[in-house]
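Written out below as structure tokens is the structure these notes cover.
The values are calculated or read from the model by the stated rules, or taken from the named source; none is laboratory data. Keep in mind the model is a prediction, meaning the values are calculated, not measured. Ideal geometry is used to build each Cβ from the backbone, glycine not excepted, and the neighbour counts take in all protein chains shown. These accessible areas exclude ligands, DNA and RNA; they are computed on the full protein's heavy atoms, side chains included. Shrake-Rupley method; radii C 1.70, N 1.55, O 1.52, S 1.80 Å.
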Protein chains: 2
Amino acid sequence: MADGPNGEPCASPLDLFNSIAAQGELVRTLKAEKASKDETDSAVKMLLSLKMSYKAAMGEDYKADYATEASEDFVDPWTVWTSSAKGIDYDKLIVQFGSSKIDKELINRIERATGQRPHHFLRRGIFFSHRDMNQVLDAYENKKPFYLYTGRGPSSEAMHVGHLIPFIFTKWLQDVFNVPLVVQMSDDEKYLWKDLSLDQAYSYTIENAKDIIACGFDINKTFIFSDLEYMGMSSGFYKNVVKIQKHVTFNQVKGIFGFTDSDCIGKISFPTIQAAPSFSNSFPQIFRDKTDIQCLIPCAIDQDPYFRMTRDTAPRIGYPKPALLHSTFFPALQGAQTKMSTSDPNSSIFLTDTAKQIKTKVNKHAFSGGRDTVEEDRQFGGNCDVDVSFMYLTFFLEDDDRLEQIRKDYSSGAMLTGELKKTLIDVMQPLIAEHQARRKEVTGMVKEFMTPQQLSFCFDT
Amino acid sequence: MADGPNGEPCASPLDLFNSIAAQGELVRTLKAEKASKDETDSAVKMLLSLKMSYKAAMGEDYKADYATEASEDFVDPWTVWTSSAKGIDYDKLIVQFGSSKIDKELINRIERATGQRPHHFLRRGIFFSHRDMNQVLDAYENKKPFYLYTGRGPSSEAMHVGHLIPFIFTKWLQDVFNVPLVVQMSDDEKYLWKDLSLDQAYSYTIENAKDIIACGFDINKTFIFSDLEYMGMSSGFYKNVVKIQKHVTFNQVKGIFGFTDSDCIGKISFPTIQAAPSFSNSFPQIFRDKTDIQCLIPCAIDQDPYFRMTRDTAPRIGYPKPALLHSTFFPALQGAQTKMSTSDPNSSIFLTDTAKQIKTKVNKHAFSGGRDTVEEDRQFGGNCDVDVSFMYLTFFLEDDDRLEQIRKDYSSGAMLTGELKKTLIDVMQPLIAEHQARRKEVTGMVKEFMTPQQLSFCFDT
């Protein structure tokens, strides 16, 4: 489970949800087994009491049906919570956040503009929402430059496959649009939020940068920077931070991020540090003093609050609003209700896992959409909508036809859970091994990627 | 009058005070002239009403007597207010702020340690309060290094003589202790608080730096920096800012500085920018990675809240607390009740004033402690405690004997207001002319003073 805004675990609604589900199961079992009236009544009483607690905590009745739309999804940079095993209701989130759906038309337009087949993250709705992507394409079609900005909060050495999603997609964007990219490593953020020293946070930056570089970014078009380091190397970064800081009040960040008077002033002003790379003159070594180069930010949708604030501020300081492409969350092995946690090694497949660890984790921990028995599986089929192994395949199995065949077979009962898991293991083992091999090769390149310097970038505007 | 914390003028208590004084004067005149009872009664009624408003605003009765101790002095970085024409009650401020008085014993110790006669700012109580100065002297006597830190908020091109006080004294400290000095130009602060662009704020930094350099600082031992510029040139500054930001909450800065939820987050986090130069590793080019070099900060006492916060935070991030030397405020020509304002050209003598302007200003605007007529002056003498010309002489006339003679003559009536003002004009005209000449000479040196580089500094610790 993700941490709350102040680092405290906010598991209670999910805990309650799970308790109710378990208690409901117990009641059904007792009734089926025709247990004593006393025993059954007592279990029912407990169930009703749990449901009342749930209603008190959530403001609405408990709904057991997975098919029911979850009206209580909660998403911000520190907390992602849903009661649905299918995960967050992303269509609702688009309405809630006021962003736009990436529809077939937009995907076709990207295909026309780039002359490339859209990435399977686009084809499969993994990048599902955007802000002003049409504006980026307008500019691109008029030969106006833009740049990509994404980032990572280096909270530990260990990255899992979910962390790669924005980078895999950003690498594709860099390739097909042939544009420069800046990658923010927010080690200052992690220092402020976690029990870390500055040196630890910076060392995680370096380790994580290796995994990012291993995704295959173009060294002539990519600048990776540590906030802690680059702030002291750039003539433009701090100036933009101060500009944004002048135009955002505590009331605003309180409303957007839920900060309180007890929060340290580092947290309170951090959103401006994440905002500043959205403006091209934060990187004078790349864009000189140009303030009008459009920025496109691919990121998971929980980062959107930072960029809503940024977009709100941009016109007031004379800068263009950054455009965004939002991804869904990568599910934990245990189910799609939450984002994963780097502190729980069993919650995902890590980039350091051995082939054996991958096999064990998938077999042991990947939440199954299958039935309770093989017989039921054969008869009724599995549920791809909640099966984590199938979800992982939508991220990592590029072959559309094969994925569709697996969906059909698993849903019909022709393919069983064990076979589905084996397919996933067969996909993930080489993928991770190849990543590890590439990571070893790029270790010596970190310094160059992190040196502020000119990138191969055309200024003909 | 100084601005309130949010930039609004907070003149009301002083306005009320002045209205009461004027109304009291009117009542006394009416009574002396035996005016009609109606007229007198109406004036008394008005006076009582004004006194009630004053009590409502200030929570205590109006006291006309200048000799009465002002119990309502208010001092913070944006507001300095007192009801006394003698100015702030500095002894009370020492108790209120919890600092220590610079007493004869400490002054003698400084003389012994440096082998130099103490500066007249020390001898005359202009630098009157300190924190941990004995610790600095302990270190100095044990051949341990320390450094000086002072600063200026460049809110306009124009500086007045009052702005020079900390710099004149700091130059003396640099000379007698032979130590390095860092000077912060908080152009980021001025950008945040005023209606200025970043470029304007930086240009004021450059102009003000010329006046500071003209005070005679040693180019081999002095580093002057713009926050806006140096933040992007230092590998140590931002790291210390973030460290402090992690250890100070919004509640704390709200209590110390009176910030509100409607303030921009730039203001809220700025105190950490002023705090960071108190720690030696903010200047790796001078002190390398040394974190334990004692800092001594000469400044006007209204800056103390920043350094109370800094001293509170220092031990929690493993740094030594900076020591401080506090000065009184330089009075406005109109009287010692307030600090001066750069926006009112008649409130002080400016560093750009011509000899003629100085003469006119002193004659026309300098608040006099003299009586209403020459005859009364001769009979009763003038009041040096409220006479601004005399106050200015305590700052700028170095000859103790001559100053004492002037005090005696003016107090006894042997010297009249006009003669006192002429003495001040004769002191200030050459002083300002010489400053202007030196300023011209140093214009070419600004870049070197502002380049981060090694200073002549001994590391034998």
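Could you tell me whether any residue of the stretch A:291-304 is closer than 28 Å to A:Phe457 by Cβ, of a type in the set (D, E, K, R), assigned to a helix (DSSP H, G or I) and more than 7 Å from chain B (Cβ to nearest Cβ)?
The answer is yes, given that some residue of the stretch A:291-304 is closer than 28 Å to A:Phe457 by Cβ, of a type in the set (D, E, K, R), assigned to a helix (DSSP H, G or I) and more than 7 Å from chain B (Cβ to nearest Cβ).
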Candidates B:Ala43, B:Ala85 - the one that is of a type in the set (A, V, I, L, M), part of a helix (DSSP H, G or I) and modelled with pLDDT of 75 or more: B:Ala43
Residue match in the stretch B:98-118 (condition: at pLDDT 95 or above and assigned to a strand (DSSP E or B)): yes
All positions within the stretch A:171-200 that are in a loop (DSSP other than H, G, I, E, B) and touching a strand residue (DSSP E or B) at 6+ places or on another chain (Cβ under 9 Å): A:Val179, A:Pro180, A:Ser186
Residue match in the stretch A:242-254 (condition: within 21 Å of B:Val242 (Cβ to Cβ), open to solvent by 20 Å² or more (accessible area, probe 1.4 Å) and touching a Pro at 6+ places or on another chain (Cβ under 8 Å)): no
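For the structure I just gave you, tell me whether B:Val161 is farther than 19 Å from B:Tyr392 by Cα, more than 14 Å from chain A (Cβ to nearest Cβ) and touching a residue at least 12 places away in the same chain (Cβ under 8 Å). Before the answer, list the steps.
On the way: farther than 19 Å from B:Tyr392 by Cα: no; more than 14 Å from chain A (Cβ to nearest Cβ): yes; touching a residue at least 12 places away in the same chain (Cβ under 8 Å): yes.
Here the answer is no, as B:Val161 does not meet what is asked.
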Considering residues of the stretch B:201-244 that are among the aromatic types (Phe, Trp, Tyr) and not in a loop (DSSP other than H, G, I, E, B) only, the residue nearest to B:Ser156 (Cα to Cα): B:Tyr204
Filtered residue count, the stretch B:265-282, keeping only those that are touching a Cys at 6+ places or on another chain (Cβ under 6 Å) and either closer than 16 Å to B:Gln252 by Cα or open to solvent by 10 Å² or more (accessible area, probe 1.4 Å) (or both): 0
Residue match in the stretch B:223-243 (condition: closer than 28 Å to B:Phe128 by Cα and either away from chain A (no Cβ under 13 Å) or of a type in the set (Ser, Thr, Tyr) (or both)): yes
The stretch B:143-154 residues that are more than 17 Å from B:Ser280 (Cα to Cα), paired with ones that are of a type in the set (Ser, Thr, Tyr) (beta carbon under 6 Å, 6 or more apart): B:Gly153/B:Ser186; B:Pro154/B:Tyr204; B:Pro154/B:Thr205
Long-range neighbours under 6 Å by Cβ, at least six apart or interchain, first residue within 17 Å of A:Leu228 (Cα to Cα) and facing chain B (nearest Cβ under 7 Å) within the stretch A:257-268, second open to solvent by 20 Å² or more (accessible area, probe 1.4 Å) and among the basic types (Lys, Arg): A:Gly266/B:Lys246
Exclusive hit being modelled with pLDDT of 70 or more and either open to solvent by 90 Å² or more (accessible area, probe 1.4 Å) or under 14 Å from B:Ile301 (Cα atoms) (or both), set B:Lys51, B:Lys34: B:Lys34
Output for the stretch B:443-461, where each listed residue is modelled with pLDDT of 95 or more and part of a helix (DSSP H, G or I): B:Met445, B:Val446, B:Lys447, B:Glu448, B:Phe449
Total residues in the stretch B:120-147, condition under 17 Å from the mean Cα position of the chain (by Cα) and of a type outside the set (A, V, I, L, M, F, W, C): 6
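Here's the yes/no breakdown for (1) within 15 Å of B:Leu420 (Cβ to Cβ); (2) polar (S, T, N, Q); (3) modelled with pLDDT under 90:
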{"site": "B:Leu333", "(1), (2), (3)": "yes, no, no"}
{"site": "B:Thr342", "(1), (2), (3)": "no, yes, yes"}
{"site": "B:Pro345", "(1), (2), (3)": "no, no, yes"}
{"site": "B:Thr354", "(1), (2), (3)": "no, yes, no"}
{"site": "B:Thr360", "(1), (2), (3)": "no, yes, no"}
{"site": "B:Asn363", "(1), (2), (3)": "yes, yes, no"}
{"site": "B:Ala366", "(1), (2), (3)": "yes, no, no"}
{"site": "B:Thr373", "(1), (2), (3)": "no, yes, yes"}
{"site": "B:Glu376", "(1), (2), (3)": "no, no, yes"}
In the stretch B:190-214, the residues that are free of Cβ contacts under 8 Å to residues at least 60 places away in the same chain and in contact with a His (Cβ under 9 Å, 6 or more places away or on another chain): B:Asn208
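Can you tell me which of A:Thr423, A:Thr373 is surrounded by 13 or more Cβ atoms within 10 Å (Cβ to Cβ) and at negative phi?
Working: A:Thr373 fails: surrounded by 13 or more Cβ atoms within 10 Å (Cβ to Cβ).
It is A:Thr423.
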Single residue of the stretch B:148-170 satisfying the filter (part of a loop (DSSP other than H, G, I, E, B) and either surrounded by fewer than 18 Cβ atoms within 10 Å (Cβ to Cβ) or of a type in the set (Gly, Ala, Ser) (or both)) that is nearest to the chain's Cα centre (by Cα): B:Gly153
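Condition (residue is of a type in the set (Ser, Thr, Tyr), surrounded by fewer than 24 Cβ atoms within 10 Å (Cβ to Cβ), in contact with a Ser or Thr (Cβ under 8 Å, 6 or more places away or on another chain) and more than 18 Å from A:Ser269 (Cβ to Cβ)) applied to the stretch B:288-297: is it met by at least one residue?
Step one: of the stretch B:288-297, the residues of a type in the set (Ser, Thr, Tyr) are B:291.
Restricting the remaining residues to those that are surrounded by fewer than 24 Cβ atoms within 10 Å (Cβ to Cβ) gives B:291.
Pick out the ones that are also in contact with a Ser or Thr (Cβ under 8 Å, 6 or more places away or on another chain) and you get B:291.
Subsequent filtering for residues that are more than 18 Å from A:Ser269 (Cβ to Cβ) retains B:291.
Yes; the residues of the stretch B:288-297 include at least one that is of a type in the set (Ser, Thr, Tyr), surrounded by fewer than 24 Cβ atoms within 10 Å (Cβ to Cβ), in contact with a Ser or Thr (Cβ under 8 Å, 6 or more places away or on another chain) and more than 18 Å from A:Ser269 (Cβ to Cβ).
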The stretch B:379-412 - residue that is in a loop (DSSP other than H, G, I, E, B) and surrounded by 16 or more Cβ atoms within 10 Å (Cβ to Cβ) and, of those, farthest from the chain's Cα centre (by Cα): B:Gly381
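Based on what the data block shows, is B:Tyr319 over 21 Å from the mean Cα position of the chain (by Cα) and open to solvent by 10 Å² or more (accessible area, probe 1.4 Å)?
Numbers: over 21 Å from the mean Cα position of the chain (by Cα): yes; open to solvent by 10 Å² or more (accessible area, probe 1.4 Å): yes.
Considered against the rule, which asks whether it is over 21 Å from the mean Cα position of the chain (by Cα) and open to solvent by 10 Å² or more (accessible area, probe 1.4 Å), B:Tyr319 comes out as yes.
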Neighbours by Cβ (under 8 Å, 6+ apart or cross-chain): first from the stretch A:419-435, assigned to a helix (DSSP H, G or I); second crowded, with 16+ Cβ neighbours inside 10 Å and basic (Lys, Arg): A:Ile425/A:Lys359; A:Gln429/A:Lys359
Close pairs (8 angstrom Cβ cut-off, 6 or more residues apart or separate chains): over 22 Å from A:Ser83 (Cα atoms) in the stretch A:16-45, at pLDDT 75 or above and open to solvent by 70 Å² or more (accessible area, probe 1.4 Å) anywhere: A:Leu30/A:Glu39; A:Ala43/A:Leu26
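Quick one: is A:Pro315 free of Cβ contacts under 8 Å to residues at least 40 places away in the same chain, more than 14 Å from every other protein chain (Cβ to nearest Cβ) and part of a helix (DSSP H, G or I)? Break it down stepwise before answering.
Working: free of Cβ contacts under 8 Å to residues at least 40 places away in the same chain: yes; more than 14 Å from every other protein chain (Cβ to nearest Cβ): yes; part of a helix (DSSP H, G or I): yes.
In short, yes.
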Failed item in (1) more than 10 Å from chain A (Cβ to nearest Cβ); (2) of a type outside the set (Gly, Ala, Ser); (3) assigned to a helix (DSSP H, G or I); (4) closer than 17 Å to B:Tyr149 by Cβ, with B:Ile273 passing the rest: (1)
